[in-house]
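The structure's right below; bear with me while I get my questions together.
The values are calculated or read from the model by the stated rules, or taken from the named source; none is laboratory data. As the structure is a computational prediction, the values presented were derived from the model and not from experiment. All Cβ positions, glycine included, derive from the backbone under ideal geometry; neighbour counts span all protein chains shown.
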Amino acid sequence: MDPKPWLIYALGGGWGHLTRGLALARLAARQRPVHLLVNSPYVDQVHWDEPKLTLRRGGTELNSTRAWVQAIFRERDWGAWIIDTFPRGLGGELAPLLEAALAATPRHRQRCVLIHRDLNPDYVRAKQLNTFVDRHYGLVLVPGDREATSLTPATSLQRTPPWRIRNAAELPHPEDIRAQLSLPNAPLVLVCATGNADEQHHFGDLTATLATHLAQSSLWSEGGLPEGALPKGAIRCLAPTCPPGCPKALWLSHWPALDCLSLAQVVVGAAGYNLVQECEAVEVPLVAFAFRRRYDRQYLRVQEESIKLQRRITFVRDNQEAVAAVLRQLQPTITRASHPVSQFESTRIASSFHVPVYVNGAAIALDKILQQLQSENLI
């Protein structure tokens, strides 16, 4: 008998829910059909060749999205309901579905999995989410061994390592990505404009400002390099569309961002779940803004990670602080380049790379879900 299809709910706009949902869905789809529900405006930019993975895109209007979600949940007998972040759904649309399913089949709780990313505690209290999760979810997974948790349900939280969109062995060779994106063989400052739409101008202005500051150094300009020094550095803004204020020549569009991060000397971006965890995976310093979110507490994440990762993550409040932090991160490169070295040595410094080694928590999460379903004879 063919396994029942799984349904993964990853609504929430932006890159975060889309990337996290895909990290799990693409692995699960190697064994069974998987339907991934998303409403990110960036979904058209992602491409996977898993034939059993179906991306189903919804809108952002509340009433039509509620009806769309409820119709999909009712359309067939799903082998598992896997819900990312919002136990009741983004607009509360899952609450009646979960209650009806539980009333019809009490064991249905065991096939409901919550992927818990930190939520604002005020929201947790207002919606009584601890009680709700205890009643409707048989398994709660936390993707990230250091990610904060706002839920304290009786159901134990099971942590996994951070989820990655690619396993370490799947990462393309940095030189292949460099060639694909036409990047110079030189130190790279990468601005990741992965926040909300109204934050894009912030990253566009920052890219232009950084380019101006870096151009003032002869070591990062078109001419004036000492013999044997590092070649001209590069700055690029990685974004789905060119942010306002960003020079078109400095804009890159590539997904997933993880492919590009290992090329960077330093990354600048928001302290969202994915970027923080991915920079840690490839061991690249991150200069991070903690933007205000309705549910996510970026300020808490960046505070916790800056303590634990020491100098690999730097919290900044504005573009002026960001520029200073980037220049500090580049100082070893600039200092090293200012001393006479052989042409061979300068090329080695510019082109060498570190091969990331990490555990993909999405694979561990998949095993935990399978164990849960098998223990209840649900697959």
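Condition (residue is of a type in the set (Gly, Ala, Ser) and over 26 Å from ALA239 (Cα atoms)) applied to segment 40-47: is it met by at least one residue? Steps first, answer last, please.
Our first condition is that a residue be of a type in the set (Gly, Ala, Ser); within segment 40-47, this holds for 40.
After this cut, where a residue has to be over 26 Å from ALA239 (Cα atoms) as well, the list is none.
Scanning segment 40-47, I find no residue that is of a type in the set (Gly, Ala, Ser) and over 26 Å from ALA239 (Cα atoms), so the answer is no.
List, please: which pairs have Cβ atoms under 6 Å, are six or more places apart or on different chains, and start with a residue in segment 1-24 that is more than 19 Å from LEU98 (Cα to Cα) and end with one that is part of a helix (DSSP H, G or I) and among the hydroxyl-bearing types (Ser, Thr, Tyr)?
Here the result reads GLY16/TYR273, each pair linking segment 1-24 to a residue that is part of a helix (DSSP H, G or I) and among the hydroxyl-bearing types (Ser, Thr, Tyr).
Given THR65, THR60, THR19, which one is part of a loop (DSSP other than H, G, I, E, B) and polar (S, T, N, Q)? So that I can check it myself, show each step before the final result.
Values: THR65 fails: part of a loop (DSSP other than H, G, I, E, B); THR19 fails: part of a loop (DSSP other than H, G, I, E, B).
Result: THR60 is the single residue among THR65, THR60, THR19 that is part of a loop (DSSP other than H, G, I, E, B) and polar (S, T, N, Q).
Only one of (1) more than 24 Å from the chain's Cα centre (by Cα); (2) crowded, with 21+ Cβ neighbours inside 10 Å fails for LEU119. Which number is that?
For LEU119, the exception is condition (1).
I'd like the full set of residues that are among the aliphatic types (A, V, I, L, M) and under 17 Å from GLY21 (Cβ atoms), limited to segment 120-143.
First pass over segment 120-143, keeping only residues among the aliphatic types (A, V, I, L, M): 124, 126, 129, 133, 139-142.
The answer is LEU139, VAL140, LEU141, VAL142.
Table: residues versus (1) farther than 21 Å from ALA10 by Cα; (2) among the polar types (S, T, N, Q).
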residue: ASP122; (1), (2): yes, no
residue: VAL133; (1), (2): no, no
residue: PRO143; (1), (2): no, no
residue: SER150; (1), (2): no, yes
residue: THR155; (1), (2): yes, yes
residue: ARG164; (1), (2): no, no
residue: HIS173; (1), (2): yes, no
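Does ARG30 satisfy the criteria of being surrounded by fewer than 24 Cβ atoms within 10 Å (Cβ to Cβ), among the basic types (Lys, Arg) and touching a helix residue (DSSP H, G or I) at 6+ places or on another chain (Cβ under 9 Å)? I'd like the intermediate steps shown before the answer.
Working: surrounded by fewer than 24 Cβ atoms within 10 Å (Cβ to Cβ): yes; among the basic types (Lys, Arg): yes; touching a helix residue (DSSP H, G or I) at 6+ places or on another chain (Cβ under 9 Å): no.
It is false that ARG30 is surrounded by fewer than 24 Cβ atoms within 10 Å (Cβ to Cβ), among the basic types (Lys, Arg) and touching a helix residue (DSSP H, G or I) at 6+ places or on another chain (Cβ under 9 Å).
Within 21 Å of the chain's Cα centre (by Cα), in the same structural domain as VAL113 (by TED's automatic domain parsing) and within 17 Å of LEU370 (Cα to Cα): is that true of ARG32 in this structure? Before the answer, list the steps.
On the way: within 21 Å of the chain's Cα centre (by Cα): no; in the same structural domain as VAL113 (by TED's automatic domain parsing): yes; within 17 Å of LEU370 (Cα to Cα): yes.
The answer is no for ARG32.
Continuing with this model, one more query. Inspect all residues belonging to segment 75-94 and state whether any of them is surrounded by fewer than 15 Cβ atoms within 10 Å (Cβ to Cβ) and part of a helix (DSSP H, G or I).
For segment 75-94, residues surrounded by fewer than 15 Cβ atoms within 10 Å (Cβ to Cβ) and part of a helix (DSSP H, G or I): absent.
Follow-up question, since we're still on this one. Which residue pairs have Cβ atoms closer than 6 Å, lie 6 or more positions apart in sequence or on different chains, and pair a first residue in segment 249-269 that is in the same structural domain as VAL189 (by TED's automatic domain parsing) and among the basic types (Lys, Arg) with a second residue that is modelled with pLDDT of 90 or more and surrounded by 22 or more Cβ atoms within 10 Å (Cβ to Cβ)?
As it stands, the answer is none, since no pair meets every condition given.
Among (1) over 29 Å from SER150 (Cβ atoms); (2) touching a residue at least 12 places away in the same chain (Cβ under 8 Å), which single condition is ALA28 missing?
(1)
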